[in-house]
Every structure is written in structure tokens, then in C-alpha cells.
Amino acid sequence: MKKLLFPLLALLAVSACSPQVYSLMLDVRGPSTSGLDLSRKSLAIVTMETPDSTFDRNAASAMARVLEQDYFGGEELVGMYRVPAADSVSLDLMHSLIMDTDADVVFLLNSTIDLPDDKARLPLSTSLSVYDSMGEDKVHRFKGQAYMLPKDGTSDLSEEAEKVGNRIATRFLSTWKTESFSLYYFDDFNAGSWESALKLSYENKFAKAIDVWSKFVKGGTALKRAAASYNIAMAFYLLEDYEMASKWLDMADSLENLSLSPGLRKRITERLEK
């Protein structure tokens, strides 16, 4: 979900019949610091059945909650799975997990808790393998080592596991950058008009704004129908539905040569190529 920062009105009309431009400054989701872009993808976390699998399951649960909050608005949509232990993690294994989980991206988590080197510390080694079926055909591998300080010896490691899961998830959270997005409107400020659609856009209610603009596509001048189609394309872009955005921009281009169209076309193409 994009975050709305503030609106900036740019009045570019050259006549009363020309559209004006309303610009929004929005925070746009980018790839995580790991380099992987997880937006608009289904996710699954898999743990191995090993002597330390309970620790991994707790860590995976914590990791899932953090990812769900970032990518799915807190909905419990990250799948959780278990598999038998494997000596190594191969590309074939990750392909198999993609098929079994039916997820776009699979995380395979495997930790080893060594015997304590003293009475207070437990050495921990964690290996995370990630495969993105919509990206490069390779296994992305991440490793970490730490010392844990459980409260009651080895009897309760759930809090430590949660910390590990949270720490791992941080590397896969979205990054954000501020960009400007423009919409067309005309000076017919009535109920259910262009102004109300702009207000809905300002409130991040792009789906409802689409309903308003759809009315303008059905009638009026070619210029107004093109402007409404462009706005719908932009709204779908902001909703991260790039296929629908491309379809509506095609319609706008078939009606009128809009100055803002090439910029939106470039954005859509870049997203579809990722």
C-alpha cells in the first residue's frame, strides 16, 4: 500500500476546456535491502524437521508476522510448511518447494544450536535459502551466527527465536522512495465529479476514484474520456495492478495524445519487466 504524504495542485490549463493537472507526492514501495522485490508476490516459509526445528518454527512465525504486516496489511497470508531434513539445499529442492507450496517466493530456514561454550551462551548458526520463482533462477543464500542468552538455560528459547525471526525479516522489508504522480481533472466541480475523484485519490481510495472516473469514460468529449482513462490507468498503477493499468492507458492513447501518457507508460513497462 502506498503512503500518501501531501497533495500539490499544479494548474496547467491553457483554456477552460483544457484539463488541469493534480499532482500527488507518494511514498512508493521498492525492493528490500536484500535486493529481492517481494511486492505483489505470494510468500511461504519452510522449516526442516531437525533437532532444532522447534526453534526454527518459532523464528519462522515471527518472521511471517513482520512480512505480513509490511506486504499484506497484517493479514495472515504467509504460508508455513515443514519438510524432512536435507543435507544440502539445491536449486532442485527449491523448485520442488515452489511446486509444493504454490508460492511465488519460498524461504527455507534451518538453524543449528550448538552445545554451550559456557553456562550462559548458546552459539547459534542460521541458514536461510530464498528462491523467487518470478526472478532469477538461483538460490539466494543468507547465513548468520550469534550467541543467545536464554533466561532458563536451554529450556525456553521462544523469545530468542522471535528475536531471530524479527531480525531476519527486517532484511526483506520494503524500501520506500517519494515520487510524484499526476492526474487530470476539469473544472466542473459538482457532486460525483472530477473533484470528488481527486478527493478520493488524496485519501488513498483509488478503487473508489476509479468508479467515479469510469462514468466519464462512457460519454463526453474524446479529451475527457481520454483523461478519465488515463486517471484510471494511474489508479491501477498505484494499486499495483500493472496489467490493468496498461490496458486503460492503451484506451487513453487511442482517444487522445495526452502529454502525461509517455511518463506513465514508462513506469508501467518498468514494473511489468521486473
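The values are calculated or read from the model by the stated rules, or taken from the named source; none is laboratory data. Note that the structure is predicted; figures quoted are calculated from it, not measured. Positions of Cβ are generated from backbone atoms using ideal geometry, with glycine treated the same way; all protein chains shown enter the neighbour counts.
Number of residues in region 224-255 that are at pLDDT below 95 and hydrophobic (A, V, I, L, M, F, W, C) equals 2.
So that you can scan it fast, the table gives a plain yes or no per residue for (1) within 29 Å of the chain's Cα centre (by Cα); (2) farther than 18 Å from residue 253 by Cβ:
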residue	(1), (2)
201	yes, yes
207	yes, yes
213	yes, no
217	no, no
222	no, no
225	no, no
232	yes, no
237	yes, no
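Being under 30 Å from residue 226 (Cβ atoms) and surrounded by fewer than 20 Cβ atoms within 10 Å (Cβ to Cβ), is that true of even one residue in region 36-44? Looking for residues that are under 30 Å from residue 226 (Cβ atoms) and surrounded by fewer than 20 Cβ atoms within 10 Å (Cβ to Cβ), one finds at least one in region 36-44, hence yes. For region 167-176, the count of residues that are closer than 15 Å to residue 19 by Cβ and not aromatic (Phe, Trp, Tyr) is zero. In region 180-195, what count of residues is obtained for those that are at pLDDT 90 or above and surrounded by fewer than 20 Cβ atoms within 10 Å (Cβ to Cβ)? Within region 180-195, residues that are at pLDDT 90 or above and surrounded by fewer than 20 Cβ atoms within 10 Å (Cβ to Cβ) number 2. Checking each residue in region 235-246 for being assigned to a helix (DSSP H, G or I) and surrounded by 15 or more Cβ atoms within 10 Å (Cβ to Cβ) picks out 235, 236, 237, 238, 242, 244, 245, 246. Within region 61-80, the set of residues being closer than 12 Å to residue 45 by Cα and either of a type in the set (S, T, N, Q) or over 22 Å from the mean Cα position of the chain (by Cα) (or both) comprises just one member, 61. Under the condition of being part of a loop (DSSP other than H, G, I, E, B) and either surrounded by 14 or more Cβ atoms within 10 Å (Cβ to Cβ) or not assigned by TED's automatic domain parsing to the domain that holds residue 25 (or both), the residues counted in region 204-219 number 2. Examine region 66-82 for a residue that is touching a residue at least 12 places away in the same chain (Cβ under 8 Å) and touching a Gly at 6+ places or on another chain (Cβ under 9 Å), and state whether such a residue exists. Yes, that holds for at least one residue.
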